[in-house]
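Only one structure is covered here, and it is reproduced in the block below.
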Amino acid sequence: MSEATPLLELASVRAGYGHAEVLHDIDLTVGEGELVAVIGANGAGKSTLLKTIVGLVPVRSGTIAYRGARVATPRPERLVRKGLALVPEGRLLFGPMTVRDNLELGAYGAGRERRAVTTRALARVNELFPVLEERADQPAETLSGGEQQMLAVGRALMSEPRLLLLDEPSLGLAPLVIAEIFSALDELRAQGVTILLVEQDARLALRHADRGSVMRTGRVVLEGPAADLLADESVRTIYLGAWHQEGS
């Protein structure tokens, strides 16, 4: 990462639900053009981290800065207009609506430029995921799991984000579909989109990332270049437990 101001920076962030604190003094930076992977076991706080960044979980203490400016009280719709988009775990699509309508909803915050943004962004999404153009008039609920995940990513891209947050994009998908989605993420990074990826499949995530952070019980316990984390035996045996053995 360069010495320039990070696109996203968290400093000593604490957050949680009700009386339960989930995140404890989280420090995290994402530089312009990077793909940063956040890995760790179930219950580590990875999804809560993303929800806190976009304002779905309130910050109890610490600071979140986006594009160099502190985000005091994040509101998801405002962050989308500033270039930040989340692909949530579980996709949260509008099942009865068509693929095209789901995609167009992703450009809702574009204001006066909505028509131009929609046309431009839709062309980009269809290039990344041609199957979505083929299925444009189908209800989203009739798509396969892999196609639904592509649609969820595509919907987020319709706002033309500068920073894309993804929560477990490989969950429950077949290997060939996972490969296609991660190939699309590589292409987006090559196009200049910054990506913060939460992923339980640590080996997969680190193979595509520039840097990684390992979370355990709500804390970042290790961070560094992705290649270094892949080679770190402690990441395999202590922090992740069930590490995929294929290719090890």
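The values are calculated or read from the model by the stated rules, or taken from the named source; none is laboratory data. Note that the structure is predicted; figures quoted are calculated from it, not measured. Neighbour counts run over all protein chains shown; Cβ positions are idealised from the backbone, glycine included.
Scanning region 174-181 for any residue that is buried (at least 19 other Cβ atoms within 10 Å of the Cβ) and of a type outside the set (Val, Ile, Thr) turns up nothing.
Could you check region 9-34 and list, in sequence order, the residues that are over 28 Å from ASP186 (Cα atoms) and either in a loop (DSSP other than H, G, I, E, B) or in contact with a Cys (Cβ under 8 Å, 6 or more places away or on another chain) (or both)?
GLY18, HIS19
In region 194-238, the qualifying residues are those that are β-branched (Val, Ile, Thr) and buried (at least 20 other Cβ atoms within 10 Å of the Cβ), and the one that is farthest from GLU160 (Cα to Cα) is VAL235.
Return the residues of region 136-168 that are more than 15 Å from GLU104 (Cβ to Cβ), charged (D, E, K, R) and buried (at least 17 other Cβ atoms within 10 Å of the Cβ); say none if nothing qualifies. Answer for region 136-168, where residues must be more than 15 Å from GLU104 (Cβ to Cβ), charged (D, E, K, R) and buried (at least 17 other Cβ atoms within 10 Å of the Cβ): GLU147, ARG162, ASP167, GLU168. The set of residues from region 185-205 being within 18 Å of LEU50 (Cα to Cα) and not polar (S, T, N, Q) comprises LEU185, VAL193, ILE195, LEU196, LEU197, VAL198, GLU199, ASP201, ALA202, ALA205. Counting only helices (runs of 4 or more DSSP H) that fall entirely inside region 131-247 and contain at least 3 residues that are within 14 Å of VAL87 (Cβ to Cβ), the qualifying elements are 145-157, 175-190.
Kindly indicate whether GLU187 is within 17 Å of GLY33 (Cα to Cα) and out of contact with any strand residue (DSSP E or B) (no Cβ under 9 Å at 6 or more places or on another chain). Considered against the rule, which asks whether it is within 17 Å of GLY33 (Cα to Cα) and out of contact with any strand residue (DSSP E or B) (no Cβ under 9 Å at 6 or more places or on another chain), GLU187 comes out as yes. When each of GLY68, GLY90 is tested for being closer than 22 Å to SER183 by Cα and either surrounded by fewer than 17 Cβ atoms within 10 Å (Cβ to Cβ) or acidic (Asp, Glu) (or both), the lone residue that passes is GLY90. Listed by first and then second residue, the pairs with beta-carbon distance under 8 Å, at least 6 apart or on different chains, first residue in region 25-49 and touching a residue at least 60 places away in the same chain (Cβ under 8 Å) and of a type in the set (Gly, Ala, Ser), second surrounded by 24 or more Cβ atoms within 10 Å (Cβ to Cβ) and part of a loop (DSSP other than H, G, I, E, B), are ALA37/GLU199; ALA37/ALA209. Scanning region 83-104 for residues that are out of contact with any Leu (no Cβ under 9 Å at 6 or more places or on another chain) and of a type outside the set (Ser, Thr, Tyr) turns up LEU92, GLY95, PRO96, ASP101.
Name the residue that is nearest to GLN191 (Cα to Cα), counting only residues in region 51-63 that are in contact with a strand residue (DSSP E or B) (Cβ under 7 Å, 6 or more places away or on another chain) and surrounded by fewer than 23 Cβ atoms within 10 Å (Cβ to Cβ).
Going through region 51-63, the residues in contact with a strand residue (DSSP E or B) (Cβ under 7 Å, 6 or more places away or on another chain) turn out to be 52-54, 57-63.
This time we only want the ones that are surrounded by fewer than 23 Cβ atoms within 10 Å (Cβ to Cβ), so: 54, 57-63.
Working: VAL54: 23, VAL57: 30, PRO58: 32, VAL59: 32, ARG60: 35, SER61: 35, GLY62: 32, THR63: 29 Å.
Top of the filtered list is VAL54.
As a summary of the residue check, GLU133 satisfies the conditions (1) surrounded by 18 or more Cβ atoms within 10 Å (Cβ to Cβ); (2) within 19 Å of ALA107 (Cα to Cα); (3) modelled with pLDDT of 90 or more except for the one numbered (1). Remark: pairs (first residue in region 128-155, farther than 21 Å from PRO88 by Cβ; second residue assigned to a strand (DSSP E or B); Cβ separation under 9 Å; 6+ apart in sequence or on different chains) = ALA136/THR98; ASP137/THR98; GLN138/THR98.
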